[in-house]
Every structure is written in C-alpha cells, then in structure tokens.
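Working notes, structure below.
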Amino acid sequence: MSTIENLRIAIVHEWFANYAGSERVVEQILNLFPKADLFAVVDFLEDSKRDFIQNKKVTTTFIQNLPFAKTKFRQYLPLMPLAIEQLDLSAYDLVISSSHAVAKGVLTAPHQLHISYVHSPIRYAWDFQHQYLKESNLERGIKSWIARWILHQMRIWDTRTANGVDLFIANSEFIARRIQKVYRRSARVIYPPVDLQSYALWEQKQEFYLTASRLVPYKRIDLIVEAFSQMRDRQLIVIGDGEQMAKIRAKASVNIQFLGHREPEELCSYMQNAKAFVFAAEEDFGITPVEAQACGTPVIAYGRGGVRESVRGLDSDRPTGIFFAEQTAASIRAAVIEFEKNGDRILPKDCRDNALRFSTERFQREFREFVDRAWGDR
C-alpha cells in the first residue's frame, strides 16, 4: 500500500484572488502536503502575494481567459460547474477540494480518494438565495426569473456532485448540519486554522468598540453602524473596505470612525485595545471573532452560525462574549448595554484560552490524522 508521502495529490480551490479564511485552510493543507499540485477556476494572485501557496503554479480553467475575468470572475458563476469539470485530475491518487461553491464538483474515478473540506454548500443557491436576490435587485422581472432558473440548476448540480465526494469535512457543526440537510451526508468537523501567534493577549482595554470586515452586504456592518449612530456616547471604529463603503458611511454619526483597509499588524493592535469586537454576520465559522478573543477581547455577536461554537456566552462558567438574537440595530444596541452591565464577568485570559482551541497546530494534526485514516481504510 502506498504511503501518504508517495501519493500523487491534487488540491482544488475555488479561486485564488486574495488571502482570506478559505485560503488559510489551503495554505495549511499545502504545508502538510508540499508536493501537491494546485487547481482552481481562476488564479489572479499578484506575484507578491503568492507566498502562502509556496509560489506554486496553479492549473486553471477556461474562465481564466474570458473577458474582464480578472475583476468580474464571480459573474461567470453559471459557467463554473462546467469549468470545474474540465480539470483533468486523472493522474492523482488523492484529491482534496476546498469548497464553498464548485470545487467539490471535480470529476474523480473510483480508484481515487476525494476528500472535500466544505466551508459551505453554495450559499447563494441554498438558504441565502432570497437574501442574494434581494441584495442584487433581482426580486422581480425577467432577470429575476433567469437568476432563479440558474440557481435552480446549480442546486441540482450541487446535489448530484456530492456523490463524487468520498468523505466530507465541515468547518463547523453549523456547516455539518447544512451538509446533512443539502447532501444527506455526514461530515467530520475540523475547525479552520487561526494564526494565534500573531494575536497576543492584551489586558488593558480602551473605550472604543471595533468591527472589522469586508464591507459587503451579508457582513451586516450597516446594522452595526446604524446601532452606534443611535448611541453617540460610545465610540466605534470600522476597519475594512468594500462595495458598501459609501452606503454605510452615509448612516454614520460623528462617534464612528472609518479606517479603511489596514495591514494585519495594525488590525491586531486595534483588536488588542478594543473594549469589545462586534460581529453581525451569520458566518460559516468566522475567524475574526477568534482573533479578537486571542487578543483577550470579548465578542458581541449575532447568535447564529459558527460563532456559536467559537464564542462562549454569558451562560458559560467562563464567558467570552454576548450574543444578540436578531440582525437588527435594536438587537445590537441591547447587546452592547447588556455587555456593559456584565462585561466584568468576561476575563481577557478566558478569551485567550478559548481561542487556543483553534490553533494552526491543532488543524494540522486533526487534518493529517483524518487523511491518514481515510487512506489507510482503503
């Protein structure tokens, strides 16, 4: 029987355009299997930002060469199922896909082992469809019906291609439940890696709240800004940039400061000094709340999604944050007030200790053990 070290391994990712949560997973998988080859729908990483993939060449699909693909590749989503199926992986023994859209749909043969690390089934095709249509102004008219038909076809394709995956890994219990609901398959939960060494414990907090994110609709930074605009005696700092910057700025009062994009070192400093980190998205896992806790900073979060697994609420013996029940400005305001009444129960060291559950070393150990066992079982 071949050992893992002697296997021909392919790692398939959706696309390489930046360095975010799913790319951190690919980075650590590649650290485990440095001889693996990389595949993706497109690769538009700048030369100066390719270190995390060890400056490897990425085999891409025909979408790489379509007009305006560099900036508009997501608009080619309807073509991505066809594109991902054209990748020839027949030379590999082990295929590992990192999937939040189409990567798990690569074609593999019976003698190949396909393990899919799922960040989420295609969000905008499944439980986020109605939100996606609303945010894209596609609720009515002929364009709406075309979009709905495309999403319907993607759901059929997404369900069918789940049969080509031998074993699923989910990035949280929340996503494991989605996988069970959508694909009727069980999944092992292995939480994503968080670079905790870059976020040191800091116990002296200042009098400002922090949120940090890409300014895109589903992150709901607009609700956080709206809430703090109604609490002008409290300071909020917003770090991040994106398509909604102008719209969100228009809602802000003088107690809210927008800093735009900041490098990781500077973001870490703000996280260390913040009174609390505010998080309003329904995320599959959510790395930034873990980074905040690694700094010893409490989290005020929307109580749905993966954050329920990474933050301990006030009902815990050693709480690290507070949850609010609705994605509304009023619910966020109430949570901030509750935090200020009970914040002395949340200790910086408890936050740090909780974050240590999500270390890079833990991810590498659990992922390698899973792959070793899966190949051995064959």
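With respect to E207, is the statement that it is open to solvent by less than 70 Å² (accessible area, probe 1.4 Å), among the charged types (D, E, K, R) and either in a loop (DSSP other than H, G, I, E, B) or more than 30 Å from V12 (Cα to Cα) (or both) true? Steps first, please.
Working: open to solvent by less than 70 Å² (accessible area, probe 1.4 Å): no; among the charged types (D, E, K, R): yes; either in a loop (DSSP other than H, G, I, E, B) or more than 30 Å from V12 (Cα to Cα) (or both): yes.
Spelling it out, it is not the case that E207 is open to solvent by less than 70 Å² (accessible area, probe 1.4 Å), among the charged types (D, E, K, R) and either in a loop (DSSP other than H, G, I, E, B) or more than 30 Å from V12 (Cα to Cα) (or both).
May I ask you to list pairs of residues, at least six apart or on different chains, whose Cβ atoms are under 7 Å apart, with the first in segment 94-114 being without any contact (Cβ under 8 Å) to a residue 24 or more places away in the chain and the second being open to solvent by 10 Å² or more (accessible area, probe 1.4 Å)?
A109/S90; Q112/Y92; Q112/D93
Would a scan of segment 111-118 turn up a residue that is outside any strand (DSSP E or B), in contact with a strand residue (DSSP E or B) (Cβ under 9 Å, 6 or more places away or on another chain) and within 28 Å of G305 (Cβ to Cβ)? Quick ask: steps written out before the conclusion?
Our first condition is that a residue be outside any strand (DSSP E or B); within segment 111-118, this holds for 111-112.
Then keep just the ones that are in contact with a strand residue (DSSP E or B) (Cβ under 9 Å, 6 or more places away or on another chain); that gives 112.
Now drop any that are not within 28 Å of G305 (Cβ to Cβ), which leaves none.
No, segment 111-118 contains no residue that is outside any strand (DSSP E or B), in contact with a strand residue (DSSP E or B) (Cβ under 9 Å, 6 or more places away or on another chain) and within 28 Å of G305 (Cβ to Cβ).
Does any residue of segment 259-281 turn out to be in contact with a Lys or Arg (Cβ under 6 Å, 6 or more places away or on another chain), open to solvent by 30 Å² or more (accessible area, probe 1.4 Å) and in a helix (DSSP H, G or I)? Step through it out loud before you land on a result.
Applying the first criterion (in contact with a Lys or Arg (Cβ under 6 Å, 6 or more places away or on another chain)) to segment 259-281 yields 275, 280-281.
Next cut, open to solvent by 30 Å² or more (accessible area, probe 1.4 Å) only: 275.
Checking the rest, the ones that are also in a helix (DSSP H, G or I) come to none.
Checking segment 259-281: not a single residue is in contact with a Lys or Arg (Cβ under 6 Å, 6 or more places away or on another chain), open to solvent by 30 Å² or more (accessible area, probe 1.4 Å) and in a helix (DSSP H, G or I).
Condition check ((1) surrounded by 18 or more Cβ atoms within 10 Å (Cβ to Cβ); (2) of a type outside the set (S, T, N, Q); (3) over 20 Å from E23 (Cα atoms); (4) touching a helix residue (DSSP H, G or I) at 6+ places or on another chain (Cβ under 9 Å)) across all residues:
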{"residue": "A69", "(1), (2), (3), (4)": "yes, yes, no, yes"}
{"residue": "I84", "(1), (2), (3), (4)": "yes, yes, no, yes"}
{"residue": "S99", "(1), (2), (3), (4)": "yes, no, no, yes"}
{"residue": "S136", "(1), (2), (3), (4)": "no, no, yes, yes"}
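Consider F228 carefully, then state whether it is part of a helix (DSSP H, G or I), in contact (Cβ under 8 Å) with a residue 12 or more places away in the chain, surrounded by 20 or more Cβ atoms within 10 Å (Cβ to Cβ) and hydrophobic (A, V, I, L, M, F, W, C). Write out each step before concluding.
On the way: part of a helix (DSSP H, G or I): yes; in contact (Cβ under 8 Å) with a residue 12 or more places away in the chain: yes; surrounded by 20 or more Cβ atoms within 10 Å (Cβ to Cβ): yes; hydrophobic (A, V, I, L, M, F, W, C): yes.
Spelling it out, F228 is indeed part of a helix (DSSP H, G or I), in contact (Cβ under 8 Å) with a residue 12 or more places away in the chain, surrounded by 20 or more Cβ atoms within 10 Å (Cβ to Cβ) and hydrophobic (A, V, I, L, M, F, W, C).
Out of D93, D127, I need the residue that is open to solvent by 20 Å² or more (accessible area, probe 1.4 Å), at pLDDT 95 or above and among the charged types (D, E, K, R). Which one?
Every option except D93 fails the conditions.
Matching residues to (1) surrounded by 16 or more Cβ atoms within 10 Å (Cβ to Cβ); (2) within 29 Å of I29 (Cα to Cα):
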residue: G303; (1), (2): yes, no
residue: N342; (1), (2): no, no
residue: L356; (1), (2): no, yes
residue: S359; (1), (2): yes, yes
residue: V371; (1), (2): yes, yes
residue: R378; (1), (2): no, yes
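Would you tally the residues in segment 163-177 being touching a residue at least 12 places away in the same chain (Cβ under 8 Å), within 15 Å of V307 (Cα to Cα) and surrounded by fewer than 21 Cβ atoms within 10 Å (Cβ to Cβ)?
Residues in segment 163-177 being touching a residue at least 12 places away in the same chain (Cβ under 8 Å), within 15 Å of V307 (Cα to Cα) and surrounded by fewer than 21 Cβ atoms within 10 Å (Cβ to Cβ): 2 in total.
Counting only residues that are in a loop (DSSP other than H, G, I, E, B) and either more than 20 Å from S186 (Cβ to Cβ) or touching a residue at least 60 places away in the same chain (Cβ under 8 Å) (or both), how many does segment 119-131 have?
Restricting attention to segment 119-131, the residues satisfying the condition of being in a loop (DSSP other than H, G, I, E, B) are 119-122, 126-128.
When the remaining residues are screened for being either more than 20 Å from S186 (Cβ to Cβ) or touching a residue at least 60 places away in the same chain (Cβ under 8 Å) (or both), the result is 119-121, 128.
Count: 4.
Considering only residues that are open to solvent by less than 60 Å² (accessible area, probe 1.4 Å) and either part of a loop (DSSP other than H, G, I, E, B) or farther than 22 Å from E207 by Cα (or both), which ones fall in segment 313-340?
Result: G313, L314, S316, P319, T320, Q327, T328.
The values are calculated or read from the model by the stated rules, or taken from the named source; none is laboratory data. Treat the numbers as computed from the prediction; the structure is a model and nothing was measured. Virtual Cβ from ideal backbone geometry, glycine too; neighbours counted across all protein chains shown. Surface areas here come from the heavy atoms of the whole protein model, side chains and all, with no ligands, DNA or RNA. Shrake-Rupley method; radii C 1.70, N 1.55, O 1.52, S 1.80 Å.
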